[in-house]
1. Please list, in order along region A:19-33, the HN-Hα scalar couplings obtained from phi with the Karplus expression 6.51 cos²θ - 1.76 cosθ + 1.60 (θ = phi - 60°), rounded to whole Hz, x for Gly and Pro.
2. Between residue A:132 and residue B:322, what FRET efficiency follows from the Cβ-Cβ distance if R0 is 60 Å, with the result rounded to 0.05?
3. Sorted from fewest to most neighbouring beta carbons within 10 Å, what does the list A:134, A:74, B:119 look like?
4. As a footprinting exposure proxy, order B:49, B:258 by other Cβ within 10 Å, with the fewest listed first.
5. Using amide H atoms built in the peptide plane, which far-off residues or other-chain residues are under 5 Å from residue B:246 H to H?
6. Label-point separation (nm) for residue B:100 and residue A:11, each offset 7 Å from Cα along Cα-to-Cβ?
7. Compute, for region B:163-224, the length of the dipole vector about the Cα centre, with Cβ point charges of +1 (Lys, Arg) and -1 (Asp, Glu) only. Units Debye, rounded to 20.
8. Starting from the amide H of residue B:171, placed 1.01 Å from N in the peptide plane, find each other amide H under 5 Å away whose residue is 5 or more places distant or on another chain.
Amino acid sequence: MSRFLSSVDEYLGDSHVLFYLSDAVTQLLEHKEEYSQFGVSRYFAEYFSSVKNSNHVLFREFNYITATPHNRSSFIRVFWRCYRQIGKSGELLSVLEFRSLLQLLCPDFPVEMVQSTGRIVLMDDAVDCMMSFSDFIYAFQLQLYFREFLDSVLTIYQDLLAGKSPNTVIVPTSTSVEQLPPVATEENDKERQQRDGVEASTLAECVDALCDRFKHSHPSRSSMTEILAEKDKICFYSFLMSLSKHGGVNQDIGALPSMAELLIDPEMDQELDKLVAQIAVSPGSNSSGSAVIGLKEQQRKASPRRNIHHRRKMEVESDGSNEETDSSEN
Amino acid sequence: MADKEKRRSGVAAPEMPEMPEGKATKSDSDREFLSQAGVGELLRGAILKMVEARSDDPIGFLADHFCHLASMSDRGAGTAGCGDGDQLSNGPPSAGAREQQHLNRALWHLRLAHHSQRSAFSNNVRVAYDLLNLTGPGKHPGETPEGQEGSCTESPTGGGGGGEGEGGGVRGSLYTQTLQCLCSEGGVPASTSAPLLRRLHCHDHEAVPYDVFRHGVLTCAVFSDYIRQAQRLYAEVCCPDEGPASRALCLAVLGTLKEALETSQGCDATCCVNANTKANVCLEANVKAIRYLKASAKISPHKLAAAMSGAQARGPGGNMDAKEFENAAADLFITRVKVVS
């Protein structure tokens with residue numbers, strides 16, 4: 001048996017199974033009365049079925065959502081399923097509005113991550129600008145799924161900007177490090193530098209070296225090399241934006257469809273049509289939470305010029321998403 | 001329990017750093033709740049199963065595992081915790097229903113790992129055996145040792161074959177049912193498996209010890225694979241458009257099969273010469289035979305082709321259909337199975 005034992009840890013580690021078991025037990029203890037009435041086997045069956053079906057992240061705390069790659073991609077997918085109708089209507093939303101949407105699904109979702117996403121979409125400019133659903137969600141996916149990697153790349157990028165040679169970046173823990181003296185630049189030069197970015201090839205080398213030693217998930221090397229080969233100089237956020245729009249990267253994560261199919265949702269369309277028909281019959285029946293009503297108001301304010309059909313769809317969509325989240329919660 | 005406690009304390013600690021007394025009582029009551037609900041055992045069993053099965057999708061495996069357990073306990077009375085108002089009486093259910101449940105559960109265990117995954121398979125056989133052992137009133141410890149002297153199994157020493165637990169063994173009818181289900185689930189039609197089952201058969205009233213049970217289960221599992229291979233072999237030999245394959249061709253192929261098995265039989269013979277051989281040797285030889293078969297089917301296509309082209313030139317006319325081929329192949333296998341007497 002010993003030859004199996006060495007890889008047991010790997011096997012368990014890769015799938016994060018112990019994490020899920022631990023969380024299942026914690027949840028069970030926190031909600032003893034509720035969960036134990038049908039027996040613990042049934043409870044665990046439900047828990048793991050929901051993990052398998054990616055329904056487990058809804059309304060969970062941020063730490064849980066970011067704990068495993070599977071959780072992250074599940075959350076992204078849930079966000080997409082709940083809110084893709086927004087994309088259909090062509091709404092543009094601000095960072096804070098997107099954050100509100102996220103908080104409906106995850107109560108303690110931090111604003112910083114949404115802001116970082118905004119910086120990707122808006123290229124670090126005017127973070128108050130509005131964003132389309134499509135731009136946002138792909139950037140959000142990148143930011144959430146590869147959070148640690150992006151932080152590391154940003155550090156590398158900033159070092160490169162500051163003029164440190166690539167070698168110093170590759171071995172950050174070494175104390176005796178040769179540093180090039182920071183390039184003495186004037187204000188204009190510095191700004192220009194930041195705008196233009198760094199040598200793409202240098203960045204590519206550093207990123208490659210990072211991937212060698214990096215423990216967390218990162219986008220595939222081939223896609224990154226592809227992007228960095230396109231230009232001579234590249235700035236950080238345009239690199240990220242290209243990554244977010246890269247089909248291969250998206251496919252590897254596996255949470256979202258391609259851009260062309262992002263807004264296609266025939267089932268939901270059918271459901272919405274049904275709901276619209278119902279609402280037309282009994283207008284008072286769907287009493288949603290105040291947050292959702294607030295959302296409806298917000299959306300109406302944001303784009304006053306829309307035809308009736310779209311607006312109705314929006315109302316129903318909010319209800320629809322509520323329906324969906326309600327049913328997923330069960 | 002230790003690992004579960006470790007996990008739990010690892011999780012509990014960050015939640016309540018400021019309340020030492022509160023923490024103590026909360027984790028005590030938590031601990032009590034968990035041990036009452038049997039969570040530790042449940043999880044330990046699940047992890048063990050999962051590690052043995054090494055499924056590609058561990059989460060999916062766990063989901064299935066727990067769903068299965070849940071449906072078992074939903075259906076069964078007398079198992080812990082499910083007072084969910086299923087129409088089961090508070091008294092014990094009929095012996096037949098309970099037996100059926102046990103059988104289903106045992107079969108589920110046997111399906112988990114392929115017989116080539118030796119340790120996982122053995123473990124599952126053990127679990128299945130223990131499950132079936134618990135069933136029913138018909139356990140006669142006294143009958144065990146002398147009743148089952150298959151020539152492949154060692155004569156159990158005085159205390160019965162190596163610690164079976166409560167009963168003397170699995171009831172013969174249950175054993176036979178298990179084998180039948182295994183064969184049919186493995187894709188072997190009843191008519192093909194009937195001769196095999198006759199050889200492995202134990203009388204309904206007899207108590208089947210672990211070794212015999214394992215031998216039977218393993219043989220059926222291997223046989224199912226063998227038949228599937230034979231079916232595939234026939235498909236290779238025969239083009240479906242042209243109707244059944246020529247008899248000569250089939251006979252040639254079967255001849256090669258037979259040779260392969262006989263080669264392995266030679267190994268059997270030398271193995272069995274050693275006195276006081278353990279049961280496992282014969283079982284292993286069975287498995288080896290199948291391995292040889294697979295190997296020969298795969299790695300000597302030219303031998304097969306030579307036989308086939310030779311056969312096409314001469315040999316009996318007429319065709320052999322899939323069924324006949326399958327039966328003939330099965331026959332080759334079955335003649336090598338020792339009879340359980």
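1. Residue by residue, region A:19-33 yields 4, 5, 5, 4, 5, 4, 5, 4, 4, 4, 5, 6, 10, 3, 4 Hz.
2. Values: r = 60 Å, r/R0 = 1.00.
The computed FRET efficiency comes out at 0.50.
3. B:119, A:134, A:74
4. Values: B:49 20, B:258 16.
Starting with the residue having the fewest Cβ neighbours, the order is B:258, B:49.
5. B:320
6. Placing both labels 7 Å along Cα→Cβ, they lie 3.5 nm apart.
7. Numbers: 4 positive and 6 negative charges, 50 e Å.
So the magnitude is around 240 debye.
8. B:208
Rule-based calculations on the coordinates, nothing more; no lab input. Values in this document were obtained by computation on a predicted structure and should not be read as measured data. All Cβ positions, glycine included, derive from the backbone under ideal geometry; neighbour counts span all protein chains shown.
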